1. Label region 178-264 by shape, choosing from rounded, prolate and oblate, from the square roots a ≥ b ≥ c of the eigenvalues of the Cα gyration tensor; if a/c is under 1.5 it is rounded, and otherwise prolate applies when a/b is larger than b/c, oblate when it is not.
2. Calculate the all-directions average of the projected area of region 87-231's alpha-carbon convex hull, and give it in nm².
3. Packing-wise, with mean Cβ within 10 Å as the measure, how do 169-176, 319-326 rank, highest first?
4. For region 241-426, what value does the Rg/Rh ratio take when both radii are computed over Cα atoms and Rh is the Kirkwood radius, given to two decimals?
5. Nearest 20 debye, what's the magnitude of the dipole of region 122-254 about its Cα centre given +1 on Lys and Arg Cβ and -1 on Asp and Glu Cβ?
6. Would you list Met583, Met421, Met477 from fewest to most Cβ contacts within 10 Å?
7. Charges only on Cβ, +1 for Lys and Arg, -1 for Asp and Glu: so what's the dipole of region 241-426 about the Cα centre, in debye to the nearest 20?
8. Find which of Ser83, Gly127, Cys105 sits farthest along the positive direction of the dipole of region 61-136, computed with +1 on the beta-carbon of Lys and Arg, -1 on that of Asp and Glu, about the Cα centre.
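Read-outs: derived from the displayed coordinates by stated rules, not from any lab. Because the structure is predicted, anything quoted here is derived from the model rather than measured. Because the Cβ atoms are built from the backbone with ideal geometry, glycine has one as well, and the counts that use them run over all protein chains shown.
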Amino acid sequence: MVSCRVRNLRALIIIVCGLLFMIITGLVIWRAVIRIQRGTFTPPSTIPIEFCRHGGTWDNGRCICTEEWKGLRCTIVNFCEESNYDNLTFRKIPAGKYGPSTQTCEVGTPNAGSPKATRLCNLTKDGEIKLENATIGNCNENLETLENQICNTSQQAQKISAEAQILTFNASKLTADNITSAANVVGNIFNSPANETEAKRIAVTTVSQLLDASEDDFQRAADSDKNNTFKTLIEQMEIYSLSLNNTSVVEPNIAIQSVNLSSEDTGGSADVRFTVLRGSSNSLTYSSIQVDKQVSNLQPDAQTELQILLKTKQENVKTCGFVVYQNSKFFQSKTFTAKSNFSQKIISSKINGTEKDQSISVEMVFNPQFNQTEFKLNSYACVFWNLSRNDWDTRGCLKNQSLDGFLYCRCNHTTNFAVLMSFIKNYNYPKSLDIISNVGCALSIIGLALTIIFQVATRKVRKTSVTWVLVSLCTSMLIFNLLFLFGIENSNKNLNTNDEGSENNDNVTNNVPATDTIHIPNPTCTAIAALLHYFLLATFTWNVLSAAQLYFLLIWTMKPLPRHFIVFISLIGWGFPAIVVGMTVGIIYSVNGDDSQWELIYRQEEICWLAFQKDNNYIQSPLLWSFFLLVTLILISNVVIFIVITVKVLWKNNQNLTSTKKVSCIKKILSTLSIAVVFGITWVLAYFMLIDNENVSIIFSYIFCLFNATQGFQIFVFYTVRTKIFLSKASTVWKSLSSSAGRVKSVPSASRLKLRLRMYTLVKSFPTLKERFRLLDPSEFTEEMSVSESGEANSSI
């Protein structure tokens, strides 16, 4: 008896391993052929992989270097070496930046953990790198205490400015309150009537460091700012740009240029052009700004990122100033919402005196570099920062025709300018479904439809109690396959194709956009995503209900089933998924209903399916908490029940039967597979697709697609084709066709019928075994058995 059990187990293992080995081997060969073909036809890259040295990356036709290197290939040193100063140690410092001391303030002081000093690696206008003396801070001072000292800035402005610079060195640790306090401190330093040149220069460094703080903290700071601290700082920066006496101050995130005009320069008009050029890094440097006098028009080139031309006919204009902000964090708008990571530069122009009754013209050109593989420019607006409204405005500004990727603007006044751009995301819409998916879904749809018809039509003849669960499972799976095959592709895919070349199609109106990302609503896609969510979840729910019913019948031998059992499981099978989908959509809409793009929080844009948050924010994805976790629990319970039924029922040998009359290994294997299919066990393969190895993931993706796309067809084979009723009807049809063609052959069936009757008599003597195999194997039922056992068969449900 033990040896037979071992042989059966070995046979099962050999068959399963053989099938898996054949599938995996075939897929590996297929994958290898595809990779060879791709390698043959992939053109070689024009840029060597190691063209950009020392960590530089190739982007938009140039090397983007790290802070410590510069040059065409990032090979020129742009840092100060490690150094010591007054028992303080400083590591390598990028040029143009302050570096912290390795020594920090002691625990118990207000600035515990902050560096005790900073040291500037100065980059002169001639491009020379010079290491300045260290500035030692006070560990007992913080931004709040400095803010309380601003009334005495005329006496100790330089000391307060240096302390503020040290305290804002690590922008990642700044809170909203820290940002407000620091902005208030430097704003008052700029407003100081005393000629505190060094204090104001250090304050510019503090402003540059503040611009490295997070956008969220800036938003919170702006919301809680009741004293208009940012507005005051912006105004003071404009005034400061007129006081530099034809010089400039440049920090990584801000550049300030002052231009003095003589009578020879004006000649009745003052025309000054200020240009910001692209460098080998994203930081502003002295070499990236340029001033030209007595020019009549804009002349941007490929290296131009921003250019402004200031024209005025007022002869008494003696000074003009320009300020460039690396981003718009000081300009927190209530009407424009930025959702992308695009960094928008702000340019300010200012002239001495008032602009009333003056003929002023400001022409600008912007050449923003955004990720063209991710975004497509839809439109833009030429705007200025209205200090009275504390928001963007378009009055007095017009858009000029955009050519060669440049965005042109014209305004009749000076202030802080920007272009607010609206993008359409270049979603990577997938191609048509893979041929395996198409063929598998088509076969499943046909198989599921035939199974439903067969189960309903032969319900009374078969007299089995699992019909309703199987029909419900097939129905939910059938509808899901139909929706998947014909509706999962987003119809916006066609709009995206048809809109090629529509970039900058709005060059007339100059309205402030509501957001920088344009979303094309598609309620149909959202509805299909919700239906797919519902019916796939319903399929898994009926999987677990099927497993529970068989467990009650086979393990607990619960016969008959409780009253209203069908009504109870129907409420669960169709009601539970509806509750989950309804709660998911309701919660997302209630939290994000004011957002026009709320539906993209629920579904993807690439396909009409549940969304998953990127950027390490997967924990908030609807795909995780409204589908993945539920399916995981269902699959775990199904696998446990499958193992119990397989061990205790399918592969358990009955001691009262002789070995010659046992159910064959093939019969056991087929019964095992039939249970695995109806339990949805093959969905476990989805977890192997998450393996962080491309080749392994691809292999399991094909296996997963092969098994699950054809799941409906597998149900048709195991629960329709293998039944005696189907085989009998098919045999009758075949005989009829053969007879009509003159190829009738006599089939000796007496011996087989005799063997069936003997087997039936033997099985009937063991009621429990008989009932178990009746439920598991539809092929055990014959029309002869149905007639002879009509008196004692279970009532069909």
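1. On the way: a/c = 2.21, a/b = 1.89, b/c = 1.17.
Note, shape of region 178-264 comes out prolate.
2. On the way: hull surface 37.5 nm².
For the Cα atoms of region 87-231, the hull's average projected area reads 9.4 nm².
3. Values: 169-176: 16.1, 319-326: 23.1.
Those peptides, ordered most packed to least, come out 319-326, 169-176.
4. Working: Rg = 16.1 Å, Rh = 16.9 Å.
With Rh from the inverse mean 1/r over Cα pairs, Rg/Rh is 0.95.
5. 260
6. Numbers: Met583 11, Met421 23, Met477 27.
In increasing order of surrounding Cβ atoms, one gets Met583, Met421, Met477.
7. Details: 18 positive and 15 negative charges, 123 e Å.
For this selection, approximately 600 debye.
8. Gly127
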